[in-house]
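Chemist: Please find one structure pasted underneath; my questions will follow.
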Amino acid sequence: MRYLPLTDDNRREMLEAIGAREIDDLFVDVPAEAQLKGDIEGLPKQASEMAVEKHMRRLSKKNLAANDAPFFLGAGAYRHHVPASVDHLIQRGEFLTAYTPYQPEIAQGTLQVLFEFQTQVARMFGTDIANASLYDGSTACWEAIVMAGRITRKSRAVLAHGLHPHYVSTAQTMAKFTKDELFSGAPDLDADCDEDAIIAQIDDRTSCVVVQYPDILGRIPDLAKIADAAHDRGALLVAVVTEPVALGLIEAPGALGADIVVGEGQSLGVGLNFGGPYLGLFGCREKFVRQMPGRLCGETVDADGKRGFVLTLSTREQHIRREKATSNICTNSGLCALAFSIHMTLLGGAGLETLARINHSRARLAAQRLGDVKGVRVLNDVYFNEFTIVLPSDAREVVRELAERGVLGGVSLGRLYPDEEALANGLVVAVTETCTPEDIETFATTLSAVLEGEAA
């Protein structure tokens, strides 16, 4: 999209129309410490479009591209192989839109895709129903929390310590406006998920317990145990899945007692994409459908008795219920949902299980090899394709040194939890089908060299 400049008169007219005195009035909700003061050092006041393009190309060459290096990053965003057919199909004219149509029944192809997507997500999650997607995993997590509050008429949520800190941060930001009470904390560098500590926080005021599965350290909590404890106190269990490929091998959260299951769909069909756009997944029990956010596509028959699809449930505040809407999510990630659905269709149930087994097998190989490196301890006893290793020094420095040597060696817990010194030596390692045995060996030998202080 090209930049379209505005004149001073344009700006003045727009400010007058909305009742603002100056442009800064539009940013009063942004904390002062987050606002830029003055010009950006080293950046010219103006430059031609051609000069900017050349400059940005020069900067891009400094990046270490994911496809050019052994890649072990994860912690909520994973590199999986996306078949070329996915990209080809989503660009077909009948599909190429990121938006749900305002007159949905005339777009039967789009509605059918969303109906099939919902079916796939519900089966994967083990829930009765799933919606037509949300923006991403973190916003889906927050929507689940407020949905649980509406159902239970309570406003205290217990967030397990293993919940991704970005998801926690999103919930904390939104809770400032809803006045919901959130209990949260950082995890311990321990192989045990400590379900008892989570359960101890549940009281009669608790609306829901939010548990990531597998969690941020790659551990797999006992959802059934937590679900029983939550239900005994009149609370719901919200399960969060950031790596849906895991559900090809481990039990579906809905089958273990989860009332609402949310997650991030990026792993299937979407790709890393520099951090977005991504895809929020949302499923729940059928009895809660009226409190579910977003949109729900249904199947019906037309006047001639032929199979057709309709928009069965819509909670958009713009044209239904407005301030009484169950959600402020205005749309769905239609194009990403299409990519997810195509990839899932290509895999099928057997293919997803095979993909999951390959991921787990490669992760086991990596854990064994990295555990042999002097000074490295593998934290997890149980994991899927992601686990945590404990290093003898700050993992942030090690990650930077690994990157200098051409290896993207995981996500440091010090980066995720900068205020938790006890976690500084932790490194979350993700291993997918894209990681070859040669990549794993390169990672291990390079890590050994870094820890031994060998010159590059």
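Chemist: Looking only at the range 172-190, count how many residues are farther than 20 Å from residue 242 by Cβ, assigned to a helix (DSSP H, G or I) and open to solvent by 30 Å² or more (accessible area, probe 1.4 Å).
Modeler: The qualifying residues number 3.
Chemist: Among the listed residues 434, 445, identify the single one that is outside any helix (DSSP H, G or I), open to solvent by 30 Å² or more (accessible area, probe 1.4 Å) and farther than 21 Å from residue 165 by Cα.
Modeler: From the options 434, 445, the qualifying one is 434.
Chemist: Here's something else I'd like to know. Being in contact (Cβ under 8 Å) with a residue 24 or more places away in the chain, open to solvent by less than 60 Å² (accessible area, probe 1.4 Å), under 22 Å from the mean Cα position of the chain (by Cα) and under 16 Å from residue 141 (Cα atoms) is the requirement here; does residue 211 meet it?
Modeler: So residue 211 passes the test.
Chemist: Answer yes if at least one residue in the range 13-29 is in a loop (DSSP other than H, G, I, E, B) and under 30 Å from residue 245 (Cα atoms), and no otherwise.
Modeler: No, the range 13-29 contains no residue that is in a loop (DSSP other than H, G, I, E, B) and under 30 Å from residue 245 (Cα atoms).
Chemist: Give the residue that is surrounded by the most Cβ atoms within 10 Å (Cβ to Cβ), with candidates limited to residues of the range 400-422 that are part of a helix (DSSP H, G or I) and over 22 Å from the mean Cα position of the chain (by Cα).
Modeler: In this case the residue turns out to be 402.
Chemist: A further question on this structure: Looking at 272, 247, 279, which one is over 28 Å from residue 199 (Cβ atoms), under 18 Å from the mean Cα position of the chain (by Cα), at pLDDT 95 or above and not β-branched (Val, Ile, Thr)?
Modeler: Being over 28 Å from residue 199 (Cβ atoms), under 18 Å from the mean Cα position of the chain (by Cα), at pLDDT 95 or above and not β-branched (Val, Ile, Thr) holds for just one of 272, 247, 279, which is 279.
Chemist: If you don't mind, there's one more thing I want to ask. Taking only the range 56-90 into account, find how many residues are in a helix (DSSP H, G or I) and within 30 Å of residue 398 (Cα to Cα).
Modeler: 8
Chemist: Restricting attention to the range 1-48, and to residues there that are open to solvent by less than 100 Å² (accessible area, probe 1.4 Å) and charged (D, E, K, R), which single residue is nearest to residue 173 (Cα to Cα)?
Modeler: Step by step, filter the range 1-48, then rank; the result is 25.
Chemist: Looking at the range 371-399 only, could you name the residues that are among the β-branched types (Val, Ile, Thr) and open to solvent by 30 Å² or more (accessible area, probe 1.4 Å)?
Modeler: 378, 382, 399
Chemist: Does residue 230 satisfy the criteria of being open to solvent by 10 Å² or more (accessible area, probe 1.4 Å) and of a type outside the set (Phe, Trp, Tyr)?
Modeler: Criteria not met by residue 230.
Each row is one residue, and each column tells you yes or no for (1) more than 24 Å from residue 187 (Cα to Cα); (2) within 23 Å of the chain's Cα centre (by Cα); (3) in a helix (DSSP H, G or I).
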residue	(1), (2), (3)
358	yes, yes, yes
363	no, yes, yes
367	no, no, yes
375	no, no, no
428	no, yes, no
441	yes, no, yes
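Chemist: I'm trying to understand the selection: among the residues of the range 43-86, which are in contact (Cβ under 8 Å) with a residue 60 or more places away in the chain and more than 30 Å from residue 427 (Cβ to Cβ)?
Modeler: Passing the criteria: 83, 85, 86.
Chemist: Further question on the same structure: Just one of 113, 121, 86, 82 is among the aliphatic types (A, V, I, L, M), closer than 30 Å to residue 216 by Cα and either at pLDDT below 95 or surrounded by fewer than 21 Cβ atoms within 10 Å (Cβ to Cβ) (or both); which is it?
Modeler: Within the list 113, 121, 86, 82, the selection yields 82.
Chemist: Is one or more of the residues making up the range 266-285 open to solvent by 50 Å² or more (accessible area, probe 1.4 Å) and farther than 24 Å from residue 77 by Cβ?
Modeler: yes
Chemist: If you check every pair at least six apart or on different chains, which have Cβ atoms under 7 Å apart with a residue in the range 416-437 that is without any contact (Cβ under 8 Å) to a residue 24 or more places away in the chain first and a residue that is open to solvent by 40 Å² or more (accessible area, probe 1.4 Å) and aliphatic (A, V, I, L, M) second?
Modeler: none
Chemist: Also: Among the residues of the range 346-360, are any closer than 26 Å to residue 64 by Cβ and open to solvent by 50 Å² or more (accessible area, probe 1.4 Å)?
Modeler: yes
Chemist: Here's something else I'd like to know. How many residues are in a strand (DSSP E or B), under 15 Å from residue 331 (Cα atoms) and open to solvent by less than 70 Å² (accessible area, probe 1.4 Å) when one looks only at the range 293-313?
Modeler: Residues meeting the conditions: 5.
Chemist: Mind telling me which of the residues 219, 290, 205 ends up being open to solvent by 30 Å² or more (accessible area, probe 1.4 Å) and modelled with pLDDT of 95 or more?
Modeler: 205
The values are calculated or read from the model by the stated rules, or taken from the named source; none is laboratory data. Here the structure is a predicted model, which means the values were calculated and not measured. Quick reminder, even Gly has a Cβ in these numbers, built from the backbone with ideal geometry, and neighbours come from all protein chains shown. To get the accessible areas, we keep the full protein, side chains included, count just its heavy atoms, and leave off ligands, DNA and RNA. Shrake-Rupley method; radii C 1.70, N 1.55, O 1.52, S 1.80 Å.
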